[in-house]
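Nothing in this text is a laboratory measurement; each read-out follows from the coordinates by a stated rule. The structure displayed is predicted, hence computed values, not measured ones. Note: ideal-geometry Cβ built from the backbone for every residue, glycine included; neighbour counts use all protein chains shown.
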Amino acid sequence: MASAGCGPRYAYAGKWTAERNLELPHGADRSALTSLNRVTLEILTEGKFTLWDMSLPIEGEMDLAEKSQKLDIRYVAGRPTDRRNAGANLSYSLTWIDSNSLELRNDKNPPVLLHRQTKP
């Protein structure tokens, strides 16, 4: 019998990007909206990731063998997450669609479809 750790591994490693479609608040600078709409996810082969969403760097770990999962967030803007800071309220989930697309969800924005930029 095979152990649970020997299941399939998805080819998550690489750089993934997308553009959100957020509305420009009245009086806001258009260049700021461009930055806020950009989503970038970089995943290393050992399952560590850095996500840039709404210009906020988020780091953590993930399971490369899970098709759908909640991301394990460890750092937000370089600070460790715990119950005393805002990072503890962030929640992201990731779903493997195919070798060139992932769906990223969080509690605050509509889902976004990320597309592969580089292969591992």
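Just subtract the alpha-carbon distance of Asn21 and Ser101 from 0.36 nm times their residue separation and send over the number in nm, one decimal.
Here the segment from Asn21 to Ser101 would lengthen by 27.0 nm.
Hey, with R₀ at 30 Å, roughly what FRET efficiency would Asp29 and Ser91 work out to, going by the Cβ-Cβ distance, to 0.05?
Rounded to the nearest 0.05, the efficiency is 0.55.
Modelled label-to-label distance, Asp82 and Lys48, 7 Å Cα→beta-carbon offset: nm?
The modelled label-to-label distance comes out at 2.1 nm.
What does the net charge come to around Pro57 if you take all other residues with beta carbon closer than 11 Å to its beta carbon, with K and R at +1 and D and E at -1?
-2
Going by average Cβ density within 10 Å per residue, which order do the peptides 105-114, 13-22 take, highest to lowest?
Going from most to least packed, we get 13-22, 105-114.
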